[in-house]
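All remarks here apply to the structure that follows.
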Amino acid sequence: MDYSLHFGAVWASFDKLLSGLAIGLGLAVVAVAIGTLLGLLSAFASVAPYRALRSLAALYVSLVRNLPLLVLVLLAYFALPQTGITLDKYQSFVGALALYSGAYLTEVFRAGLISVPKGVIEAARSIGLTRLQTNVSVVAPIMLRNALPSLGNTFIGMFKDSSIAAAIAVPELTFEARKINVDTFRVIETWTVASGLYIAACVVIAMLLRGLERRFPKF
Amino acid sequence: MQVFLDQLWIARFALWDGFLLTVQIAAASILFGTLLGGIVGIQLSYAPWWLKLPFRLYVDIMRGTPVLVLILAAFYIPSVAGLSLGPTQAGILALSLFAGAHIGELLRGSLQAIPPGQAEAGRSIGLTFPQLLAYVLLPQAARSALPPWINTGVELIKGSSLLSMIGVGELLLKTQEIIGRNFMTIQFYVFAGILYLAINIVLDQLGKAVERRVGQH
Amino acid sequence: MDKQQPLLAIRGLTKRFGTVDVLKGVDLDLDRRDVVSIIGSSGSGKTTLLRCVNLLEEYQGGDIVLDGETIGYRSANGRRHRFGDRELSRQRSMTGMVFQSFNLFPHLTAAGNVMLGLRKVLRLPKAEARAVAETWLTRVGLAARADHYPSQLSGGQQQRVAIARALAMNPKLVLLDEVTSALDPELVQEVLNTVKSIADDGATLLIVTHEMRFARDVSSRVVFMEQGRIVEDGPPEQIFGAPKNQRLAAFLRNTRH
């Protein structure tokens, strides 16, 4: 094998990789924000006293978790226009990733809900809080704190999955890396740097999350 | 609908081939991934720190890198290294490395959850370390790792769809080729989605059933 | 106030869990400033009775009248209808409950625990709620712990916060459900002393307890329950000194050793 490492060509396009990283992070932040709302709604539905709501939540989780994200993305970008809904590539990807993360977050929040002790809910009811007040002031804060580590892990997972936006030519990190790879043929360097950027971003996010977890009191 | 069914009939062999290849890729990856993950899990649990280090590094790199990046790297890198891997082989390599890290972590978690008294009891009756692993520790760990292991299968079926991006003729690429001919975009993406759901829901339910049984003991 | 009318009147209360009759027609009256202890072996229905009064359990028959108001259900055309969430919540706020396992809100400080009901149910402004909370925390000897989280407090301290949380709502009646059973032995006395002092201040208390000496000390009346019924009801001297009922006598022998 005569291949010697030359990182110069990759460094020349490093700004492209960085802007790609920023786009991936942006996609993940917006998608997970929407997915958090979906997940909260669906998690409360999954423990609701109405069978229809529980079934609906279960159906959502089971359908979306068992489909490849790429299929959802292609459906949103290429198939939706046939029904008259045309989204640009950013909107279709964020929509697909939001739907996808919402299914995972349903399970995260559901586990958080189940972890709230029954006695604590009874204590809130016993001082006269209504069901809604109990959910807002007692159940939700405890659930969110308990769910924080898994919420963070889900976010990291979704950030990595933002690489799939490359399939519809969103210029995020993987797309840019592939372009540099094809343009320069500095194959090993390109993928080492791209992978390194993903790992570095994941490590930084994980550290920020640990910091966040420490700031909130543990129960 | 009739038009769709006609097109589906025309495309039946292509779709079947794609479906079969998807299942084969996932099966091969979970096989290699399990062999690799078995070694990784044992090293991470019991090796001295200097031996543990490279395995830890491997797991963290795999878990910090998107699967698609692994796939693209496995597709492009071997050629410059003088290896010739076809796209399917490159894809299986990437998915196996991903699964190996994943299963390795799973196994580590399960091994470390075994109460230390088990190993002490095994040693006290004179078992060597390989015997201890084979007869006491691995059977217990395998039990609790089984449901998430089945779930790894779901992840691999889903991950195999990414191989369409390096030209592997699995289910999604076949679907895209068919759509390229008849422009029935929604119909064929939905059909492919149903096929993915069919495999994954079976695996998912199997995982849940096993989890219930494991949970009972 | 009408001197004739008891503060709490329970009439013919029945409660079933599935096929098990837990309460088989309980009658009990409490006047203002009464301190009534319920004793009896586990499974006799003591705790369930308390939870019914706090409307945490639904019951099948009978009435609970608190300060002249029938709580939990209204009757119309000979059928019983359980009140809606809002009305039940209002009625629950008239009674305070202290639980065996404290059940403090883990995400709120001691003061936050006391303030939640003041803010959300009584709608006090924040500063005022804080002042009331501090008064009550001082009252239970925890002024210095106001900004501690439950996980930073001992079991005894947590239970005293729970007592402050219940009393700060100014309830007509306070229900105490085996408030020392989950505590380490050395922490029991501080909680019992707190309960004693609120009793001395004139609160109306309905207490489920296994602490016989405490029941004898603090109560104006003691009630013995057995298999879902009240079997004997009288002043502590009678219950502990001259029990009429054979089962009660046996129960007291067994608990005293």
Exercise. Any idea which of C:ASN193, C:ASN170, C:ASN254 is in a loop (DSSP other than H, G, I, E, B) and of a type outside the set (Gly, Ala, Ser)?
Worked result: C:ASN170
Exercise. Taking A:ALA31 and the conditions (1) part of a helix (DSSP H, G or I); (2) closer than 30 Å to B:THR175 by Cα; (3) within 13 Å of another protein chain (Cβ to nearest Cβ), which numbered condition does it fall short on, given that it satisfies the others?
Worked result: (3)
Exercise. B:ASP6 versus (1) at pLDDT below 95; (2) touching a helix residue (DSSP H, G or I) at 6+ places or on another chain (Cβ under 6 Å): which is the lone unmet condition?
Worked result: (2)
Problem set entry | Residues of segment C:97-119 classified as at the interface with chain A (Cβ under 7 Å from one of its Cβ atoms), within 14 Å of A:ALA124 (Cβ to Cβ) and touching a residue at least 60 places away in the same chain (Cβ under 8 Å), total | 2
For this session: For segment B:89-98, state whether one or more residues are in a helix (DSSP H, G or I), surrounded by fewer than 22 Cβ atoms within 10 Å (Cβ to Cβ), within 7 Å of another protein chain (Cβ to nearest Cβ) and not charged (D, E, K, R).
Result: no
Exercise. Yes or no: C:PHE224 over 29 Å from C:PRO150 (Cα atoms), assigned to a strand (DSSP E or B) and in contact with a strand residue (DSSP E or B) (Cβ under 8 Å, 6 or more places away or on another chain)?
Worked result: yes
Seminar exercise, completed: Exception for C:LYS172 within (1) more than 14 Å from chain A (Cβ to nearest Cβ); (2) surrounded by fewer than 20 Cβ atoms within 10 Å (Cβ to Cβ) falls at (1)
For this session: Only helices (runs of 4 or more DSSP H) wholly contained in segment B:1-66 count here; list those with 1 or more residues that are buried (at least 16 other Cβ atoms within 10 Å of the Cβ) and within 15 Å of the chain's Cα centre (by Cα).
Result: B:12-46, B:49-64
Exercise. So, of the residues in segment A:52-96 that are of a type outside the set (Phe, Trp, Tyr), under 17 Å from the mean Cα position of the chain (by Cα) and away from chain B (no Cβ under 13 Å), which turns out to be surrounded by the fewest Cβ atoms within 10 Å (Cβ to Cβ)?
Worked result: A:GLN91
Exercise. What helices (runs of 4 or more DSSP H), lying completely within segment C:38-134, carry at least 3 residues that are surrounded by fewer than 20 Cβ atoms within 10 Å (Cβ to Cβ) and at pLDDT below 95?
Worked result: C:85-92
For this session: Starting from residues that are more than 8 Å from chain A (Cβ to nearest Cβ) and charged (D, E, K, R), keep the ones in segment B:151-189 and report whichever is farthest from B:ARG12 (Cα to Cα).
Result: B:GLU155
Exercise. If we only count helices (runs of 4 or more DSSP H) wholly inside segment A:123-218, which ones have 1 or more residues that are more than 14 Å from chain C (Cβ to nearest Cβ)?
Worked result: A:140-161, A:173-184, A:187-215
Seminar exercise, completed: Taking segment A:52-84 and keeping only residues that are β-branched (Val, Ile, Thr) and within 21 Å of B:SER160 (Cα to Cα), one is left with A:VAL61, A:VAL64, A:VAL71, A:VAL73
Exercise. When the residues of segment A:97-122 are filtered to those that are without any contact (Cβ under 8 Å) to a residue 24 or more places away in the chain and either of a type in the set (Asp, Glu) or not in a loop (DSSP other than H, G, I, E, B) (or both), which remaining residue is surrounded by the fewest Cβ atoms within 10 Å (Cβ to Cβ)?
Worked result: A:LYS118
Problem set entry | Options A:SER55, A:SER42, A:SER92; residue that is among the polar types (S, T, N, Q), over 28 Å from B:LEU162 (Cβ atoms) and assigned to a helix (DSSP H, G or I) | A:SER55
For this session: Please work out which residue is farthest from the other protein chains (Cβ to nearest Cβ), limiting yourself to segment C:46-92 and to residues that are of a type in the set (D, E, K, R) and touching a helix residue (DSSP H, G or I) at 6+ places or on another chain (Cβ under 7 Å).
Result: C:GLU57
Problem set entry | Conditions (1) of a type outside the set (A, V, I, L, M, F, W, C); (2) in contact with a helix residue (DSSP H, G or I) (Cβ under 9 Å, 6 or more places away or on another chain); (3) surrounded by fewer than 18 Cβ atoms within 10 Å (Cβ to Cβ); number of the one not met by B:GLU170 | (3)
Problem set entry | Single residue of C:ASP217, C:ASP147, C:ASP233 found to be closer than 24 Å to C:LEU7 by Cβ, outside any helix (DSSP H, G or I) and more than 15 Å from the chain's Cα centre (by Cα) | C:ASP233
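Could you please give the count of residues in segment B:117-149 that are of a type in the set (Phe, Trp, Tyr) and farther than 21 Å from B:VAL210 by Cα? Break it down stepwise before answering.
Applying the first criterion (of a type in the set (Phe, Trp, Tyr)) to segment B:117-149 yields B:129, B:135, B:149.
Filter again for farther than 21 Å from B:VAL210 by Cα, leaving B:129, B:135.
Result for segment B:117-149: 2.
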Problem set entry | Single unsatisfied condition, C:ILE207 versus (1) crowded, with 22+ Cβ neighbours inside 10 Å; (2) touching a Gly at 6+ places or on another chain (Cβ under 9 Å) | (2)
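The values are calculated or read from the model by the stated rules, or taken from the named source; none is laboratory data. Note that this is a predicted model, so its numbers are computed, not measured. In this analysis, Cβ positions are derived from the backbone assuming ideal geometry, glycine residues included, and neighbour counts consider all displayed protein chains.
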